[in-house]
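Enquirer: Structure provided below as structure tokens; questions to follow.
The values are calculated or read from the model by the stated rules, or taken from the named source; none is laboratory data. Remember, predicted model here, so these are calculated numbers, not experimental data. Counting neighbours? That spans all protein chains shown, and the Cβs are built from the backbone with ideal geometry, glycine included.
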Amino acid sequence: MSQFVTDRDQVIVPPMDQYNQELVNNVHPPDWVNPEPAPRYDLVVIGAGTAGLVTAAGAAIFGAKVALIEKHLMGGDCTIVGCVPSKAMIRSSRVVADIQNAARYGIGTSGEISVDFAAVMERLRQVRAQISPNDSAKKFQQDYGVDVFFGEAKFASADTVSVAGKSLHFRKAAIATGSRAAELSIEGLAEAGYLTNENVFELTERPHRLGVIGGGYIGCELAQTFRRLGSEVTLLQQSSRLLSRADEDAAAIVQKTFEQEGIQLLLQSKIQRIERQGAEKIIHYEQDGKEQSVTVDEILVGVGRSPNVENLNLEIVGVDYDEKRGVIVNDYLQTTNPKIYAVGDICMEWKYTHAADAAARILIQNALFAILGLGRKKLSSLIMPSCTFTDPEVATVGMSLKEAQQQGIEVQILNVPMNKVDRAIVDGEVEGFAKIYLQKGTSKMIGATIVARHAGDMINEITLAMTHKLGIGALANTIHPYPTQAEAIRKAADEYSRDRLTPFVKKLASSWVKLRR
């Protein structure tokens, strides 16, 4: 279910107001004329989402002749239907939550909070349009010297990609076509109609009753957002808890928060079928062996991603792919055709904007500059953080405790609850914790989970330390401004330092002090 339609040569992003018109003018200009192709490109990039944009811009900055092809809108999921619009909605929903909790801070509010949903969505479109020049066709053409082509790309021969009737010859190519919302084979779902991240941001009227299918990061973020903006929200999840890949304690905090905010959670529920009756949609599900139903006005599906591997003619250039996993690459992002690389959602398990950005930089070096003696970089060398932008946020980096145990790694856990952090107490944001996982018997950090309102910002300190192979002692020796919530990290490091003080060392230190008296 696409978020845009094509009217002749015009891409339309509903509602086509001044902000979406500005967006389209930047990322798929209606008057754009594809350039005449160069005789040969050092790199042809297919797809202008984050992975493709970073690849194209980076290669061009280093002097490569680059062509960039986009079928729909430059900016891809992140700018158009992902990070940017969702975080704009989340920001509005946090304002609502802060006002609702204002009395806790001695601030009185009169009357009920009025949420103008249409205005919230208008702000979303305004913010997206404001950011879109960064991904615009004109910027890439004028600032980076990239030849930008709009149209559907297909491999035509071993060194040629065709687009809009033109043939682009390449030395190397990069596939960055991304992914889309995964489809569910639920009886009646298609007929009833449903939302995904690809069209939910087109809404101008708030659904009174919203059913969310899926308790992963997309489902959880949007369920909480719509609830705070005034919708009655029911979330259906097949497993026994939310955020099934997250730390169990972290998921429990999110679940508790959702219940307190009035989100109806139907865990361990299996959807049988969906029925439409007029404007209403009835979700029939089984839970605890009983068939039950819930009636909603809209259904939002957030159950993962499917790679965009179709219609590229990958077979004729010897690029192997899987319909679920996407394009098959090695650790250097090279496909089964050594001249063709892939990057981003199309081939990576990490479906994050920042992961696509980081991997694109690896691709540039491996595809174009390894021959200069710079060496090749591996995807597996990346220390990858992630964040689920619920409130509180759940941020992670490195291994989870479960992953470490599966690999037979003995783990020491350093855990500081946020209710032990002065600034969290002052802020009234004590739900959460900072956990750091050490390889037992060493100071080596192998992973971390932080649950806090701004956990996504806090995790960066640990990511930096792990990237540069700094032990936990480096965090203990880092001075943190007081009072900040990031002190939870220093407190965890101090816990490690205290644990190192064996009874013998304590006794020795005590004896030394006595001698100095």
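Enquirer: Just for segment 163-190: of the residues that are of a type in the set (V, I, T) and not in a loop (DSSP other than H, G, I, E, B), which one is surrounded by the fewest Cβ atoms within 10 Å (Cβ to Cβ)?
Expert: Among those residues, the one meeting the criterion is V163.
Enquirer: Could you check segment 144-162 and list, in sequence order, the residues that are in a strand (DSSP E or B), closer than 23 Å to I61 by Cβ and of a type in the set (A, V, I, L, M)?
Expert: Across segment 144-162, the qualifying residues are V148, V161.
Enquirer: Does G58 fit the bill of being part of a loop (DSSP other than H, G, I, E, B) and over 29 Å from P15 (Cα atoms)?
Expert: no
Enquirer: For segment 191-305, which fully contained strands (runs of 3 or more DSSP E) count at least 1 residues that are closer than 29 Å to I99 by Cα?
Expert: By residue number, 209-213, 232-237, 264-267, 290-296, 298-301.
Enquirer: Quick test of your reading of the structure: G63 fulfils all but one of (1) in a helix (DSSP H, G or I); (2) free of Cβ contacts under 8 Å to residues at least 40 places away in the same chain. Name the failing condition by number.
Expert: (1)
Enquirer: What's the number of the only condition in (1) more than 30 Å from N337 (Cα to Cα); (2) surrounded by fewer than 20 Cβ atoms within 10 Å (Cβ to Cβ); (3) among the small types (G, A, S); (4) modelled with pLDDT of 95 or more that A129 fails to meet?
Expert: Exception for A129: condition (2).
Enquirer: Given the criterion more than 15 Å from D247 (Cβ to Cβ), in contact (Cβ under 8 Å) with a residue 24 or more places away in the chain and not aliphatic (A, V, I, L, M), identify the matching residue among G432, G441.
Expert: G441
Enquirer: Right, something else. Within segment 318-326, does at least one residue satisfy the condition of being under 27 Å from G211 (Cα atoms), among the acidic types (D, E) and either touching a residue at least 12 places away in the same chain (Cβ under 8 Å) or not in a loop (DSSP other than H, G, I, E, B) (or both)?
Expert: Taking every residue of segment 318-326 in turn, none turns out to be under 27 Å from G211 (Cα atoms), among the acidic types (D, E) and either touching a residue at least 12 places away in the same chain (Cβ under 8 Å) or not in a loop (DSSP other than H, G, I, E, B) (or both).
Enquirer: Shifting gears a bit: Please enumerate the residues belonging to segment 244-272 that are touching a strand residue (DSSP E or B) at 6+ places or on another chain (Cβ under 7 Å), among the polar types (S, T, N, Q) and in contact (Cβ under 8 Å) with a residue 40 or more places away in the chain.
Expert: Result: Q272, single match.
Enquirer: Where the second residue is surrounded by fewer than 20 Cβ atoms within 10 Å (Cβ to Cβ) and in a loop (DSSP other than H, G, I, E, B) and the first is modelled with pLDDT under 95 and of a type in the set (S, T, N, Q) and lies in segment 10-36, which pairs have Cβ atoms under 9 Å and are six or more apart or on separate chains?
Expert: Q10/P30
Enquirer: Also, I was wondering about something else. Exactly one condition in (1) more than 25 Å from G75 (Cα to Cα); (2) in contact (Cβ under 8 Å) with a residue 12 or more places away in the chain; (3) aliphatic (A, V, I, L, M) is not met by L195; state its number.
Expert: (1)
Enquirer: Please count how many residues of segment 360-376 are under 13 Å from A64 (Cβ atoms), of a type in the set (V, I, T) and at pLDDT 95 or above.
Expert: Residues flagged as under 13 Å from A64 (Cβ atoms), of a type in the set (V, I, T) and at pLDDT 95 or above within segment 360-376 amount to 1.
Enquirer: Right, something else. Here are some conditions: (1) out of contact with any Lys or Arg (no Cβ under 7 Å at 6 or more places or on another chain); (2) of a type in the set (V, I, T); (3) assigned to a helix (DSSP H, G or I); (4) under 24 Å from E461 (Cβ atoms). I362 meets all but one. Which one does it not meet?
Expert: Among (1) out of contact with any Lys or Arg (no Cβ under 7 Å at 6 or more places or on another chain); (2) of a type in the set (V, I, T); (3) assigned to a helix (DSSP H, G or I); (4) under 24 Å from E461 (Cβ atoms), the lone unmet condition for I362 is (1).
Enquirer: Taking segment 22-55, which residues are of a type in the set (A, V, I, L, M, F, W, C) and in a loop (DSSP other than H, G, I, E, B)?
Expert: W32, V33, A38, A48
Enquirer: Still on this structure: Looking at (1) of a type outside the set (S, T, N, Q); (2) within 26 Å of L23 (Cβ to Cβ); (3) crowded, with 17+ Cβ neighbours inside 10 Å, which one does D159 not meet, given that it meets all the others?
Expert: (2) is the only condition that D159 fails.
Enquirer: Next question, about the same structure. I328: under 30 Å from P483 (Cα atoms) and at pLDDT 95 or above, yes or no?
Expert: No, not satisfied.
Enquirer: Of the residues G111, G82, only one is at positive phi and of a type outside the set (F, W, Y); which?
Expert: G111
Enquirer: Still on this structure, please answer the following. How many of the residues making up segment 144-174 are within 23 Å of V24 (Cα to Cα) and in contact with a helix residue (DSSP H, G or I) (Cβ under 6 Å, 6 or more places away or on another chain)?
Expert: Of the residues in segment 144-174, 4 are within 23 Å of V24 (Cα to Cα) and in contact with a helix residue (DSSP H, G or I) (Cβ under 6 Å, 6 or more places away or on another chain).
Enquirer: Output the number of residues of segment 452-471 satisfying the condition of being within 15 Å of L382 (Cβ to Cβ) and outside any helix (DSSP H, G or I).
Expert: Going through segment 452-471 one residue at a time, the tally reaches 2.
Enquirer: Let me ask something else about it. Can you tell me which residue is nearest to R180 (Cα to Cα) among those in segment 318-337 that are over 23 Å from the mean Cα position of the chain (by Cα) and exposed (fewer than 15 other Cβ atoms within 10 Å of the Cβ)?
Expert: So, considering only residues that are over 23 Å from the mean Cα position of the chain (by Cα) and exposed (fewer than 15 other Cβ atoms within 10 Å of the Cβ), the one nearest to R180 (Cα to Cα) is D320.
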